[in-house]
1. Give the residues of segment 108-125 that are surrounded by fewer than 19 Cβ atoms within 10 Å (Cβ to Cβ) and outside any helix (DSSP H, G or I), sorted by residue number.
2. Quick test for you: out of Val71, Val170, pick the one residue that is crowded, with 19+ Cβ neighbours inside 10 Å, at pLDDT 95 or above and closer than 30 Å to Ala57 by Cβ.
3. Could you grab the pairs with beta carbons closer than 9 Å, sequence gap of 6+ or different chains, first residue in segment 51-71 and touching a residue at least 60 places away in the same chain (Cβ under 8 Å), second one of a type in the set (S, T, N, Q)?
4. Would you check if there is a residue in segment 13-32 being β-branched (Val, Ile, Thr) and modelled with pLDDT of 85 or more?
5. If you check Gly157, Gly128, which single one turns out to be buried (at least 20 other Cβ atoms within 10 Å of the Cβ), under 30 Å from Gly258 (Cβ atoms) and at pLDDT below 90?
6. Suppose we filter Leu173, Leu193 for residues that are closer than 18 Å to Met119 by Cα and part of a helix (DSSP H, G or I); which single one remains?
7. Kindly indicate which of Asn144, Asn120 is polar (S, T, N, Q), under 20 Å from Leu189 (Cα atoms) and in contact with a helix residue (DSSP H, G or I) (Cβ under 8 Å, 6 or more places away or on another chain).
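The values are calculated or read from the model by the stated rules, or taken from the named source; none is laboratory data. Owing to the predicted nature of the structure, the values given are computational and were not obtained by experimental measurement. As a convention, Cβ positions derive from the backbone with ideal geometry for all residues, glycine included, and neighbour counts pool all protein chains shown.
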Amino acid sequence: MDDLAGFLRTRRSRVDPAAVGIPTDSRRRVEGLRREEVAHLSGVSVDYYVRLEQGRATQPSGQVLDALARVLGLDETEQGHLHRLARQRHRRAKVPGGRLRPELLRVLDLVADAPALIMNHRLDVLAGNRLAGLLYGRPLPGLNIARHLFLEEPERGLYADRETCALDVVGHLRLAAGQYPEDPRLASLIGELAMGSERFRRLWARADVRARTHGSKAYRHPLVGPLELHQENFALPDPSGLELIVLSAAPGSPAEDGLRLLAALDTPAAAAAATSPPPGVAR
């Protein structure tokens, strides 16, 4: 699903030669750095770097990978991804099963004032509390965030900042593909998204990786309006690969009032409306 050679090519094409001290002129036709320039700056032979980009080299050392990361300007997340891709041929990470323990479900019930979800590395929502179900307006088991964003939601749906969400989702799936290259369900999901969404294909081709552990999330709920929430991702301390995700509102903010209103939707009519999909979206 992902490979070292492709990642190196995309990162090389994005480096500004002037930023690494290479003069340019109007005759330069290469986007980013040339292969020989990357090799020279990182201290490896041109032949070896070419073989890396062609997928023919043996596993590079950590020192070589660190040198390449420095030349290519990789951030911490990208550097970790680079090292994982280099180890793929020799070490395969076991795909986590993601079994839900009853204790986790009790934790969800304890989070009463904020939407809370449990999600796996494929962005499948395995469970959520009542407020999360009202936020998404549908039953949560069976919901996949990537499929929801790229294939199911209309343009003016739940996600107020669709482009940022799209970058986060694709970047996360790139990381997951690098970590679990032999996960058939992940490969199937990526294939489904690529077949069904031109936007996904465009972003996937960029090979960007993102590790989102916290940040703002903007929603546009059909019943309570805009919700500016803060997302915190908590990786569970076990081999399950699951994360607990909590979406909180700042104290005294309009979003806090919006969540209170959402939580009050407990009449049969309101609950039915809250669990109906937005217009134009099939169940």
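1. Ala112, Asp113
2. Details: Val71 fails: at pLDDT 95 or above.
That would be Val170, the only listed residue that is crowded, with 19+ Cβ neighbours inside 10 Å, at pLDDT 95 or above and closer than 30 Å to Ala57 by Cβ.
3. Leu68/Ser42
4. Within segment 13-32, the subset β-branched (Val, Ile, Thr) is 15, 20, 22, 24, 30.
Next, only the ones that are modelled with pLDDT of 85 or more stay: 15.
Scanning segment 13-32, I find at least one residue that is β-branched (Val, Ile, Thr) and modelled with pLDDT of 85 or more, so the answer is yes.
5. Numbers: Gly128 fails: at pLDDT below 90.
After applying the criteria, what remains is Gly157.
6. Numbers: Leu193 fails: closer than 18 Å to Met119 by Cα.
Exactly one residue qualifies, and that residue is Leu173.
7. After ruling out the rest, the residue left standing is Asn144.
Condition check ((1) part of a helix (DSSP H, G or I); (2) surrounded by 16 or more Cβ atoms within 10 Å (Cβ to Cβ)) across all residues:
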site: Val30; (1), (2): no, no
site: Val38; (1), (2): yes, yes
site: Val44; (1), (2): no, yes
site: Gly55; (1), (2): no, no
site: Gln59; (1), (2): no, no
site: Val64; (1), (2): yes, yes
site: Arg106; (1), (2): yes, no
